[in-house]
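See structure below.
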Amino acid sequence: MMLRRGCILFLPRLVGLLVVACCLVSIVYMLACTPKGDNQQLVLPRVHSPTVKEGYEAILQEREEQHRNYIISLKKQIAQLKVELQGRNEQLKNVQDQYPDPLDIRLDNSNPEKVQANLLAFLRSQVDKAEVHSGVKLSTEYAAVPFESFTLQKVYQLETGLTRHPEEKPVRKDKRDELIEVIELAVGSLNKPEGDSNAKHRVYTASDFIEGIYRTEKDKGTLYELTFKGDTKHQFKKIVLFRPFGPVMKVKNEDVNMADTLINVIVPLAKRASKFRQFMQNFREMGIQQDGRIHLTVVYFGKEQMNEVRAILENTSKSANFKNFTFIQLNEEFSRGKGLDIGARFWKGSNVVLFFCDVDIYFTAEFLNSCRLNTQPGKKVFYPVLFSQYNPSIIYGHHDSIPSLEQQLIIKKETGFWRDFGFGMTCQYRSDFINIGGFDLDIKGWGGEDVHLYRKYLHSNLIVIRTPVRGLFHLWHEKQCLDELTPEQYKMCMQSKAMNEGSHGQLGMLVFKQEIETHLHRQKLSNKKT
């Protein structure tokens, strides 16, 4: 009873305390959230204000005025932005009229004059954009596009690769025709009368040409500067020509389905069982496990190590459940061309992509797709330029520091080179190989057969795709050049052997190894004395 009476007496006090607390919170909230004017803070109506209602109306009216002014300010800013945008649009339109977008140039038969005018305007704009009349600011010394020089007979070039020379006659027909055309245009320009047509003019010929330089900006065109003999010893005539590149045009847009395109990898082999074991590890991972649309044909010469090679092939077949392979054994002297030719003709299925491969090649699954995508029956054959590995002992020094094979396959100038003088690895449809006549079977031993086949394709109407690929590697191995080879074959073999060992700088370090060690020894003694 006492407890109940105490609760009844305490309850009104508790309610009163809650009401006071709510009032205090409300006052604090209104003070904190009172709107501010431009120069002074708006205050809540106080007890001395005329009325609470009038105070709130004044606050709302002032806030409404602030919003109205803010809206007027925003409208002014929007109007200014519209004016600026219209001006920018007019500037852009003027630029586009002067330099038409290549994508806007279309073959419109209904208005050929407009198409021709747009194309001429675009070509003229290429001259203005190229580095012809003035230089451009470049970020580094490596960003400069170098010139190459030429005379009537020779071209002097920086990018030589492994097959081109610093000085050589233009071998490629397109390059030869290009320079001849430029010289003829320059001679014609010099002989074109200017001003008084009745005046006598010197007649220039190609023999007056001294030298020229040229360079190509891939997105703009080629600049030519040609120098001719003048009227006296110290006078010259200079002609500047520019071949502008036209706009990009769409040629084809097609879907390519390679889901059912099988590749028959043909490998000629004699002995070299340990290398074949390494090759089959690569073939199993990339060809069987990752790609899966692949057949292997091994053409084996002789009987030595044959059982070991066959066992490696059968073990892979069992462990990977792989049945798409053919083993052909020949009791005769090794001939790479004959082995590939027999392997290609042995196939009895439908038309298939043939990949001619060697046992010291490493390929990726991405390369197999490149092999498919760059071949087309009756249309295209694929001649990839593979990356050839230098001697790992030279690259990495002591044998303990040589990394795993997968870690060695890095495309850098310190680790290898593009094998642009080799034509042995190639992809083509079997029908194209048969129609072209296959390999020259009179060639024995190492080298020569691949070049003959390559030339056959070049002399045909087929498109030859020749490009470096990042997924095809030639693994380093010590090369033996046999005495039985012809002088030409032996020379090719020795050149290939020299190329395989190391880069220019790495081989130089071996040549000067004694001098380097002597220098280091002297430095060590000098440091001890000090």
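Other residues lying with their Cβ under 12 Å from the Cβ of residue 217 contribute a combined charge of +3, Lys and Arg counting +1, Asp and Glu -1.
The HN-Hα couplings worked out from phi for segment 254-270 by the Karplus form 6.51 cos²θ - 1.76 cosθ + 1.60 (θ = phi - 60°) are 9, 8, 10, 10, 10, 4, 10, 8, 8, 10, 9, 7, 10, 10, x, 8, 8 Hz, whole numbers, x standing for Gly and Pro. Counting protein heavy atoms only, segment 263-485 has 48 percent of its accessible area on carbon and sulfur, 1.4 angstrom probe. Backbone amide hydrogens, once placed in the peptide plane, bring residue 326 within less than 5 Å of 296, 297, 298, excluding anything fewer than 5 places away on its chain.
For residue 117 and residue 504, what does the FRET efficiency come to when R0 = 45 Å and r is the distance between their Cβ atoms, rounded to the nearest 0.05? It would help to have the intermediate numbers written out before the result.
Values: r = 53 Å, r/R0 = 1.18.
The formula returns an efficiency of 0.25 here.
Could you calculate the contour length gain from residue 524 to residue 483, that is, 0.36 nm times the residue separation minus the distance between their Cα atoms, to one decimal place in nm? All intermediate terms of the calculation are to be shown ahead of the outcome.
Numbers: separation 41, 0.36 × 41 = 14.76 nm, distance 4.73 nm.
Stretched out fully, the residue 524 to residue 483 stretch lengthens by 10.0 nm.
If you keep only loop residues by DSSP, which GluC sites (Glu not before Pro) in segment 443-530 have at most 11 other Cβ atoms within 10 Å of their Cβ? Qualifying residues, ordered by number: 478, 484.
Once the C-beta distance of residue 314 and residue 254 is scaled by a Förster radius of 56 Å, the resulting FRET efficiency is 0.85 to the nearest 0.05. In percent, rounded to a whole number, the relative contact order of segment 263-485 is 26, using alpha-carbon pairs under 8 Å and six or more apart. For segment 263-485, just say rounded, prolate or oblate: build the C-alpha gyration tensor, square-root its eigenvalues into a ≥ b ≥ c, call rounded for a/c under 1.5, and beyond that prolate if a/b exceeds b/c, oblate if not. Rounded is the answer for segment 263-485, as its axis ratio a/c remains below 1.5.
With θ taken as phi - 60° and the Karplus curve 6.51 cos²θ - 1.76 cosθ + 1.60 applied, the whole-hertz 3J(HN,Hα) list for segment 342-359 is 5, x, 5, 6, 5, 5, 10, x, 5, 4, 9, 7, 9, 10, 7, 9, 10, 6 Hz, x standing for glycine and proline. Note on residue 154 and residue 369: their simple-model spin labels are 4.7 nm apart, each label 7 Å out from Cα toward Cβ.
Taking 0.36 nm per residue of sequence separation and removing the Cα-Cα distance, the residue 181/residue 304 pair yields an extension gain of 38.4 nm. Give the separation of the Cα centroids, segment 414-438 to segment 275-290, in Å. Value for the Cα centre distance between the two parts: 20 Å.
Between segment 349-389 and segment 118-159, what is the separation of their alpha carbon centroids in Å? So the two Cα centres are separated by 36 Å. Amide H contacts of residue 237 (H built 1.01 Å from N, in plane; Pro and chain starts excluded): 228, 229, 230 sit under 5 Å, all sequence-distant by 5 or more or on other chains. Taken along the Cα-to-beta-carbon direction at a fixed 7 Å, the label points for residue 64 and residue 83 span 3.2 nm. In order along segment 475-487, the Karplus-derived 3J(HN,Hα) couplings, from 6.51 cos²θ - 1.76 cosθ + 1.60 at θ = phi - 60°, round to 6, 5, 8, 5, 9, 10, 9, 6, 5, 6, 5, 5, x Hz, and Gly and Pro are given as x. Tell me the net charge near residue 501. Cut-off is 12 Å between Cβ atoms, residue 501 excluded, with +1 for each Lys or Arg and -1 for each Asp or Glu. Counting the neighbours of residue 501, the net charge comes to +1.
What does the extension gain come out to for residue 452 and residue 139, with contour length at 0.36 nm per residue minus their alpha carbon separation?
On the way: separation 313, 0.36 × 313 = 112.68 nm, distance 4.60 nm.
Full-extension gain reported as 108.1 nm.
Sorting check: for 339-351, 421-433, which peptide has the highest mean count of neighbouring beta carbons within 10 Å, and how do the rest follow? Before the final figure, lay out the partial values.
On the way: 339-351: 16.8, 421-433: 21.1.
With the highest mean Cβ count within 10 Å placed first, the list reads 421-433, 339-351.
Once the Cα gyration tensor of segment 356-414 is diagonalised, what are the square roots of 5 times its eigenvalues, in whole Å and ordered largest first, as equivalent ellipsoid semi-axes?
Details: eigenvalues 194, 22, 18 Å².
For segment 356-414, the semi-axes come out at 31, 10, 10 Å.
The simple spin-label model puts a point 7 Å past each Cα toward its Cβ; for residue 57 and residue 470 those points are separated by 7.7 nm.
The values are calculated or read from the model by the stated rules, or taken from the named source; none is laboratory data. Because the structure is a prediction, the values reported are computed rather than measured. Cβ: placed from backbone, ideal geometry, glycine included. Neighbour counts: every protein chain shown. Ligands, DNA and RNA are stripped out before the accessible areas are found, and what is left, the full protein with its side chains, is counted by its heavy atoms. Shrake-Rupley method; radii C 1.70, N 1.55, O 1.52, S 1.80 Å.
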